[in-house]
Amino acid sequence: MLEERKLQKAKVSLMRDPKFALLSGILMVGRTTVDDNIPTACTNGRDERYGRTFVKELNDKELAFVVAHEGGHKMYRHLTTWRKLYDENAGLANAACDYVINLMLRDLDPEERTIAMPKYKKDMPEIDKRRGDFMGLVDERFRGMNAKQVFDILKDEGGGGGGGGDGLDDHDWDGSGELSEEDKKQLERDIDQAIRQGLMAQQKVAGKGSGGIDRELAELLAPKIDWREVLREFVKSMCRAKDKSSWRRVNRRFLSTGTYMPTMIGEQVGHLVIAVDTSGSIGGDDLAKFLSEVKGIAEEVNPRQVDLIYWDCSVAAHEEYDEGSVANIVSSTKPRGGGGTSPSCVSEYLKEKRIEPECVIILTDGYVGSDWGTDWTAPTLWCIVNGPDGIVAPNGKTVHVKDV
């Protein structure tokens, strides 16, 4: 079992290295096995398999590189996101994914202190060609691109590679296709949580926020969808029951049929907290439109209380609304603040005042540095208004609000 221990050692070395904190959660997702019947290594997007002879021949840094490489495929969800590219041209799809990952890994450890890209060695005939191919799969011109963009360039250049084995590792596209729909949904949740754990670990060890992650990863965590839909679904998902109908708001899903039906509301919905950053570029019109959406949602889910908190580097105002007064939230609110920006003041305030909401919605411009708050005790939705592209909170869920 020497190869199994060697593989475990490689994973531990990566998880202990601050440079690879981002991958720390990903490396724990799925199963890791040593297989006597595969030539190199592969993943189906969840589980990893490593050839026994392959593991034996690699030195510690080279094996750590391969482990991080497989983790990269999982983190970017390559095997599920880019299946159509594989169906079109397997070789180019494999190469495109590898170009993205290898550039990331080289950036993380350019001096090869922890990982080292496997190199061509004459005394290893079984993987000579694979080592030689892999050495070429790093190219600065692909910086900032996702696998699809790289694929298109390779295709335009007339790249071949109809087979599936280009590069150092194999890509288990068939294994990915065998995952059930429920397995894929659970994997998506697991990967999302693992990335966010990695971002938090990176922030702690390196003192960095999440704004520095590359665009492809940011797009996975903050997909381009209607923020209003995200906001509505987030709040409604906090309803533990919808057991009573109400005619106070007509169910719009049936209006197109000419039928008027009541909306189902949850009697067990409690506290909603809305925390608004008043230090940045969120103007009065933006705030009014956002609160109008919140008002409509609140009328549907019937919260017991809505706490509206204005903050900058400290909490500047705290307004409370019950189900009877939430209809006046837009006209009655009085925004305050205008100093620095520190989301942690909100999480600390909730703890100090012993406020235990069902969920927290934070409206901010996203210019918070490395301070995203600590010890959030409720599901949190970060609504980034006209903030820097690609920024993603390391905790909770993020949605970018454009053209409120």
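For the pair residue 327 and residue 292 in one chain, pulling the backbone fully straight at 0.36 nm per residue adds 11.7 nm over the alpha carbon distance. Computed from label points 7 Å out along Cα-Cβ, the spacing between residue 344 and residue 375 is 1.2 nm.
Extension gain for residue 402-residue 107 works out to 103.1 nm (0.36 nm per residue, less the C-alpha to C-alpha distance).
Per-residue Cβ neighbour counts within 10 Å put 236, 61 in the sequence 236, 61, beginning with the fewest. In this rough spin-label picture, where each label sits 7 Å from Cα along the Cβ direction, the residue 83-residue 314 distance is 5.4 nm. A straight chain from residue 36 to residue 149 at 0.36 nm per residue would run longer than the Cα-Cα distance by 37.2 nm.
None of the figures in this text is laboratory data; all of them are computed from the coordinates on show. None of these values were measured; they are calculated from a predicted model. Cβ sites come from the backbone with ideal geometry, for glycine too, and all protein chains shown count toward neighbours.
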